[in-house]
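*Asks:* Quick one: the structure is below, questions incoming.
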Amino acid sequence: MPLVAVWGSERVEAWRLDDDSWASLRATYRERGLVMACGEPGGPVERAGTRYFRHKAACDVHEGGPESPEHLATKALVADVAREHGWDAIVEAPAPDRSWIADVMVSRPGARSVAIEVQWASQAPEEFAARTARYQRSEVDCVWLVGPKNRDRGLYNVCGTAEALEMEIPMGFAQASEFMPMRDALTRWFRSEIRPRYEAVVDAVEVVSAMAKCHNERCGAWFSFWWLGGLQLQTRCGQLGTVSLGVRYPTWATDRPESLFQGEVRAAIARSSLPTATEYRAAHSQKSDVDYVAQHCPRCRWHLGDGFIVAKRRNWTSYAVPVAPARVPLDRRVTAVQHLCVDAGHGQCTPVDADGVVFPAERNESGGLVSFNSFGTWPGPIDADPLPAR
């Protein structure tokens, strides 16, 4: 059920024709000719207030069979909103060789074209993958808007009726996805307010700590072992979330997130009732001839070892420690959170790809990957109590 056809030499869109133009088309299409995007002839149809075109013979290029009123209304709305926001939009845009027809092809200067595909009828995951790959081979990006029968198989879920369409958009760290009127959701998309990644600063850290006694018999001081279990992130657009670094203490690591925050963490622990915090400093293993970073006694600076610190059973406790907002190089898989990015006075998220080590990965003295932890992300602040008061 295409919405677009060439009437004589004029490309027309059924939903945009006024009553007089539609009546003229119906009266003259046989003599002027009516050809659809697939190249096949067709005729005009109006049913229950919906106007579209119908093939006169079977067509293998228009995929999926007859289109529902919701499908037709979605295509029309996508094109209308795109044009309202300065995008070029071609409904039922064919490939140069007519091997495919995109529901709506949108484009703007300096960017790749995007095929927006609408799929209300049930479709297998393999078909989604195959059709998306076909666009990629043509150097065209693909965005899927999928109805309830395909929920979560596409990029955006849609629902409702032809007269009241809704679309679900990702709200990001702080909130779950939510449905809103499709026009509003598409407006946010065409304004580039739905970003695939976030940009953030760390404004608090999860400090995992346990008391211990110095191994040096001539010292015997009590101190607090510590390491970072997570980072609290504030995105540029004002959302709050936490990235867990997991239980991690890799051996021979030269890059640790602890090194970035140890001044503030040690000062915070010094103001609390906990013993003085250990110090992360460079160390060298003569036996293995390896340089690395390890914890040391804060009194005598005795080297306290490496990986065994977390592995040994201790009474570990987590605390939330605020820090001055700081940027750290985060792995792309940490920042890959689709979210509604609304300028909160600082611009929108524009993450820069980090060079060198990125967290939560850590690297050894040769630059090799020591540990890439299975990290988790969730909305909201660090779930831990503040340090105990002195």
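*Asks:* Could you count how many residues in segment 238-267 are in contact (Cβ under 8 Å) with a residue 40 or more places away in the chain, outside any loop (DSSP other than H, G, I, E, B) and within 14 Å of Phe225 (Cα to Cα)? Working first, answer last.
*Replies:* Residues of segment 238-267 in contact (Cβ under 8 Å) with a residue 40 or more places away in the chain: 238-257, 260-261, 264-265.
Right, trim to outside any loop (DSSP other than H, G, I, E, B) and you get 240-244, 257, 260-261, 264-265.
Then keep just the ones that are within 14 Å of Phe225 (Cα to Cα); that gives 265.
Summing the residues that are in contact (Cβ under 8 Å) with a residue 40 or more places away in the chain, outside any loop (DSSP other than H, G, I, E, B) and within 14 Å of Phe225 (Cα to Cα) in segment 238-267 gives 1.
*Asks:* While we're looking at this one, here's another question. Filter segment 268-279 down to the residues that are in a loop (DSSP other than H, G, I, E, B) and either among the charged types (D, E, K, R) or surrounded by fewer than 20 Cβ atoms within 10 Å (Cβ to Cβ) (or both) and list them by number. Outline the logic, then answer.
*Replies:* Of all residues in segment 268-279, those in a loop (DSSP other than H, G, I, E, B) come to 271, 273-276, 278.
Result: Arg271, Ser273, Pro275, Thr276.
*Asks:* Can you pull out the residues in segment 93-136 that are more than 21 Å from the chain's Cα centre (by Cα) and free of Cβ contacts under 8 Å to residues at least 24 places away in the same chain?
*Replies:* Pro96, Asp97, Ser107, Arg108, Pro109, Gly110, Ala124, Glu126, Glu127, Ala130
*Asks:* Exactly one condition in (1) modelled with pLDDT of 90 or more; (2) open to solvent by less than 40 Å² (accessible area, probe 1.4 Å); (3) closer than 18 Å to Ile382 by Cβ; (4) polar (S, T, N, Q) is not met by Gln234; state its number.
*Replies:* With (1) modelled with pLDDT of 90 or more; (2) open to solvent by less than 40 Å² (accessible area, probe 1.4 Å); (3) closer than 18 Å to Ile382 by Cβ; (4) polar (S, T, N, Q) applied to Gln234, the lone miss is (2).
*Asks:* Just to verify a result, which residue in segment 284-314, among those that are within 18 Å of Pro257 (Cα to Cα), crowded, with 16+ Cβ neighbours inside 10 Å and modelled with pLDDT of 85 or more, is farthest from the chain's Cα centre (by Cα)?
*Replies:* His296
*Asks:* Between Arg54, Arg112, which is touching a strand residue (DSSP E or B) at 6+ places or on another chain (Cβ under 8 Å), of a type in the set (Lys, Arg) and part of a loop (DSSP other than H, G, I, E, B)? Break it down into steps so the answer makes sense when it comes.
*Replies:* Details: Arg54 fails: part of a loop (DSSP other than H, G, I, E, B).
The conditions single out Arg112.
Residue-by-condition table, conditions (1) surrounded by fewer than 18 Cβ atoms within 10 Å (Cβ to Cβ); (2) touching a Gly at 6+ places or on another chain (Cβ under 9 Å); (3) modelled with pLDDT under 90:
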{"site": "Ala79", "(1), (2), (3)": "no, no, no"}
{"site": "Ile90", "(1), (2), (3)": "no, no, no"}
{"site": "Arg98", "(1), (2), (3)": "yes, yes, yes"}
{"site": "Gly110", "(1), (2), (3)": "yes, no, yes"}
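*Asks:* List pairs: first residue in segment 144-160 and under 17 Å from Glu127 (Cα atoms) and open to solvent by 20 Å² or more (accessible area, probe 1.4 Å), second residue assigned to a strand (DSSP E or B) and of a type in the set (S, T, N, Q) anywhere in the structure, Cβ distance under 9 angstrom, at least six positions apart or on different chains.
*Replies:* That search, which allows pairs on different chains as well, returns Pro148/Asn157; Lys149/Gln119; Arg151/Asn157; Arg153/Gln119; Gly154/Gln119.
The values are calculated or read from the model by the stated rules, or taken from the named source; none is laboratory data. Here the structure is a predicted model, which means the values were calculated and not measured. All Cβ positions, even for glycine, are placed from backbone atoms using ideal geometry, and neighbour counts span all protein chains on display. Heavy atoms of the whole protein, side chains included, go into the accessibility calculation; ligands, DNA and RNA do not. Shrake-Rupley method; radii C 1.70, N 1.55, O 1.52, S 1.80 Å.
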